[in-house]
Amino acid sequence: MKNSITKRPTWNGIGVFLVAACIAAGAAAFTGCYHVEDWNEIESVEVNHALNGFDDCASFEEYAKLAAIQLMRARVEQARDADAQWAGNEEIALGGAADGDSDGDFDESDHSETNNQEQGVDEADLIKTDGDYLYSLYKGQLIIVEAGDEGALSEAGRVEVGGYADELFIYNDTAVVFSGLNATEVSPELRHDSQNYDCWDGWCGNENYRYARISLIDISDRTTPQVIRTIAYSGEYVTSRLVDNALRVIIFSPLPALETQWYWEDYDSDSWWNSVSNVNTMYKKIIKRNEDRINALTLDDFMPEKLDSADGEVRYITDCNEALGSMTPTGIGLTAIISMDLDNIAKQPSANSVFGARGIVYASTSALYLTTSRQYVMDAFVTGLWQDETSGIHKFDITRSDAAAFYLATGSVLGRMLNQFCMGEHNDYLRLATTTGFAGWFETNDLENHVYVLQEQGKLLKTVGTLDGLGMGEEIYAARFMGDRGYLVTFFEMDPLYTLDMSNPTAPQIAGEWHGPGYSTYLHPVGENSVLSVGLVDGRTALTLYDISNFASPTLVSRLFFPDWEYSSAAVYEHKAFTFNSESGMLALPFYEYQDNDTGIFLYDVQESGVTLTSTLQLNGGSSFYEGAARRSAYIGDYIYGISRCRITSGTLSDPSIAADTIELFNVGSCDDYNDWYWGGGQDW
C-alpha cells in the first residue's frame, strides 16, 4: 500500500556533525569546506535531488543554515568575480560552469467551469460559477452575484476576507478564498517582529514580507455569507488543487533571515575597489559577517508560522519531522503542502513541506508534484555551484482526502521547466519537457529541449524514456501532454510546433513538426483532429488552429489576429482566462486595448475548419476611462458574462454586442489602480 508507514531516511547525528563542522569553517557545499584566507573558488558539486526527512528540529536547523551559507557563498563568488575584474582588469573564472494529463475530453454542462489542466482536478480562480451565481473577488471581498433570467444580474451578498483576494473554490455550501496580506494586516504574533533583519537599499527583512490567508466561508445563505474560519501563514499563496473533497494548498515561505546580506555601508571608501586584493578582502569580510549572522540564528528566527482562528495558537507551518530537504540544497525557503478535508472543515489541516526555493506545481487526481525552482537551477549552474543543470521532481500521494500528502519518490532530469503544462501524468507515467543551455548577445547559443518519461520505482522516479535534440537553439514556450500524444512549441526566431508520439513510454518520438513565425504560449485540444493555440506573432496576439489528423504532418488551418498590436489578452499567459465549450465550439477570451482602455470579451466560433470572430461583449462601452481590464469570462445557459475588477456584464451568446445587464461591483472611481489589475499566469519559478 502506498500510504503504509515506512521509515524515511533522515539527517542523522553524523550528518549534522559534518554539517556543523563545515558551517564552522564556512561551507561551500556538502562535499567540502572552503578557506576564506586563500580565496579558493567555489567547487562544483554533483547534484543529488533525493529528499530526506529530519530526526529533530536541531538537524533541520543545521541543514537550513548550511543551505543558506552555501547559497551565500555562491552569490558572493559571483559578485566578487565581477568587482575583481573591474578593479584589476583581470580574468578570474567563476569556476566549474560546464559547456553546455488529461485525454483532452471535457465534461460540458449548462455553465462554464475553470479551464483546468487535468480532468477531475479543479484549480482555484478569481471567478467561479455554479450555474445560479457568479462568485467574484476583488479588493479583499467575495462578491456573490445572482445570475437571473434573461441575463439579469443582481448582488446577492458580499463578505470581507481582507488583504488582496487572489483565488477561490466553491464546494457545495462552502467558499474557500485565498488572500495575500501585508505585515499590517496580520497579527503581530505572526510577524516575527523580534527579528532584527539588516536593511539594505531601503529593504528590511520583515517590513515587506508577504503573508497568506485561507478563509473558509459559509455560503449556505448566499445573501449573508459568513467567514467561519481563517488560517494565516507567514508566506505566499502559490496555487491549489481540489480533487473531490480533498483540498491541497501550496504556500511558499521565503526565509529572509537566511538570505545574503551585503553590508555595503562598511565599504564605501574608494580604496576598497582599487585592487583585486582589496576587493577580495572586502568580500571575505562579507562572508564572515554572513556566516556569523546565520550561525547565530535560532529556529524561531526563521521558521515560518501559521495562526488559526479556530484556537488562536501560533504554530510552525509544519513540524520539523514533517519537513524534507534535498541531499543537495536547492535554495532558501519552505514550500508547504497544506491538506484540508472540505467535508470536515473543523478538522485541523495537515501539512508537510520541502526546503528550497519555490518550484513548479503539477497535480493529477492521484499525485502532486513539486519541482526544483527554474531560476535556482539556472543560477546554481551558471555560478558553478552545480556540475549539472538538473531539476528535481518530487512526487506526493494525494489519494487520501483525510491525510497529508504522502511523499513517494524523487526523480531528476537535465534542464529546467517552464510551467505546469511541461508535465503530464498518464497511465502511472510522468511525462515532462525541459530546456537546457543558454543564449545571449555575446554567447554561443546552446539551447536544447528534451522530453522525459518517468516511472515510480521504489523511492525513485526513474527515467524510462528520453527524447533529446528538440528545437536546437530555441527554448520551450508552450507544452501539453494529452493521452498518448504530446505537443511542444519552441521559439527563438521561428515557432516550431512538434507533435510527439508518447504511446511507448520507453521510446517517445517526434511524430511531426510545423514551422512558422511567432510563438504560442498555450495549447488546447479541439476535438480529435485539431489543436488551438494562443500566442504572439510579430507582437500581435493571435489564435492559431492546427490540423493534426495526420499526426506526422501537422498543418496550419487558420490564424486569426486581434484587431491591432495594442490589443492583448490575459489568456496569453493565464490558461484560466481561456473559456471554451467543446460541444458548441464557442471560445471566449478577455481583451484589453492599451490606447483607449477598451476592454471586453471576444467571442469566437472554433471548428476544425477554422476560427471565426463572431461578436464582442463590451465591458465599459468603449469608454476611455480606465475602470479595470476584463479578466475572465463565464457562461450560463445561453448567456455570456464578462468579468472585470469593477463590473460584470452579461449578453446573449447569440448576440452579446447588446448587453443584457451590467452590475458595478465597486464604484468605477476606485478601480483606477493598475497595481490591482490581475494579469496572472506567466512562468512558474
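Read-outs throughout are calculated quantities, based only on the coordinates presented, and are distinct from any laboratory measurement. Keep in mind the model is a prediction, meaning the values are calculated, not measured. Please note: Cβ atoms are built from the backbone with ideal geometry, for glycine as well, and neighbour counts cover all protein chains shown.
Going by C-beta contacts inside 10 Å, put F491, F551, F302 in order with the fewest on the left.
Numbers: F491 20, F551 13, F302 24.
Neighbour counts put them in this order, fewest first: F551, F491, F302.
State whether the range 277-380 is rounded, prolate or oblate according to the following rule on the C-alpha gyration tensor (a ≥ b ≥ c being the square roots of its eigenvalues): a/c under 1.5 gives rounded; otherwise a/b larger than b/c gives prolate, and the remaining case gives oblate.
oblate
So, in nm, how far is label D173 from label A82 when the simple model puts each one 7 Å beyond its Cα toward the Cβ?
So the label points at D173 and A82 sit 5.9 nm apart.
Can you give the FRET efficiency to the nearest 0.05 for A507 and T555, using r as the Cβ-Cβ distance and R₀ = 25 Å?
Once rounded, the FRET efficiency stands at 0.45.
Quick check for me: using +1 on Lys/Arg Cβ and -1 on Asp/Glu Cβ, what's the dipole size of the range 426-536 about its Cα centre, in debye to the nearest 20?
400
If amide hydrogens are placed 1.01 Å from N in the peptide plane, which non-local residues have theirs closer than 5 Å to the one on M586?
Excluding prolines and chain starts, which carry no amide H, the hits are N581, V606.
Only four residue types carry charge here, +1 at the Cβ of Lys and Arg and -1 at the Cβ of Asp and Glu. Report the dipole size of the range 452-606 about the Cα centre in Debye, rounded to the nearest 20.
In total the dipole reaches around 600 debye.
Considering amide H positions built from the backbone, and no H for Pro or chain starts, which residues 5 or more places from L461, or on another chain, come under 5 Å of its amide H?
Hits under the 5 Å cutoff: T410, G411.
Among T444, T435, T652, which comes first, second and so on when ranked by fewest other beta-carbon atoms within 10 Å?
The fewest-first ordering by Cβ neighbours comes to T444, T652, T435.
So what are the ³J(HN,Hα) numbers for the range 577-594, from phi and the Karplus equation (6.51, -1.76, 1.60; θ = phi - 60°), rounded to whole Hz, Gly and Pro as x?
With the stated coefficients, the range 577-594 comes to 7, 9, 10, 9, 9, 5, 6, 8, x, 6, 10, 10, 10, x, 9, 9, 10, 6 Hz.
Starting with the fewest neighbours, write out L414, L497 ranked by other beta-carbon atoms found within 10 Å of each beta-carbon.
Lowest to highest Cβ neighbour count: L414, L497.
In debye, nearest 20: dipole of the range 548-638 around its Cα centre with unit charges on the Cβ of K, R (+) and D, E (-)?
280
What list of ³J(HN,Hα) couplings, whole Hz, do you get for the range 280-290 from phi and the Karplus terms 6.51, -1.76, 1.60, once you set θ to phi - 60° and write x for glycine and proline?
For the range 280-290, the Karplus-derived couplings read 4, 4, 4, 6, 4, 5, 4, 4, 4, 5, 5 Hz, x marking Gly and Pro.
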